[in-house]
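Student: One structure coming up, written as structure tokens, with questions to follow.
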Amino acid sequence: HSTPTSDWSSLIPHKSKVNASHLTIEELKQKLKDYDIDTTGVNNRVILAGILQNRLDKETLEQNKDRHFLLINCNYYIYSKLTFLNQDTSNTETASTNSDLK
């Protein structure tokens, strides 16, 4: 039995279905301009994609605050139930092993 260290939550995709990492520099600049973000002097696609993705993630979280909270709580509930079941199973295995030793 191990305790997970990674974050179980994942972002809900943005309603526009835009994948910032697949856009060209010109497309990224246009999308960022639509969000009133100045891209003057920035021509690095990775940086532009990161800025756009952060903006999309922020917008998605704002629109889905309650749903995101519910998702995290649901995952925690599932994790705690699985942990309980694993503990219950390991106790049963220990009990059967102890009875085998008698």
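The values are calculated or read from the model by the stated rules, or taken from the named source; none is laboratory data. Just so it is clear, the model here is predicted, and its values are computed rather than measured. A quick note on method: Cβ atoms are made from the backbone with ideal geometry, for glycine too, and the neighbour counts reach across all protein chains shown.
Student: Please work out if K81 is modelled with pLDDT of 80 or more, of a type outside the set (F, W, Y), surrounded by 10 or more Cβ atoms within 10 Å (Cβ to Cβ) and part of a helix (DSSP H, G or I).
Tutor: On the way: modelled with pLDDT of 80 or more: no; of a type outside the set (F, W, Y): yes; surrounded by 10 or more Cβ atoms within 10 Å (Cβ to Cβ): yes; part of a helix (DSSP H, G or I): yes.
Criteria not met by K81.
Student: So, one more: Can you name the residue in the stretch 1-51 that is modelled with pLDDT under 75 and basic (K, R) and is also surrounded by the most Cβ atoms within 10 Å (Cβ to Cβ) among such residues?
Tutor: Step by step, filter the stretch 1-51, then rank; the result is K15.
Student: When residues of the stretch 17-63 are filtered for being of a type outside the set (D, E, K, R) and in a helix (DSSP H, G or I), how many remain?
Tutor: So in the stretch 17-63, the residues of a type outside the set (D, E, K, R) come out as 18-25, 28, 30, 32, 35, 37, 39-44, 46-54, 56, 60-61, 63.
Subsequent filtering for residues that are in a helix (DSSP H, G or I) retains 20-22, 25, 28, 30, 32, 46-54, 56, 60-61, 63.
Number of matching residues: 20.
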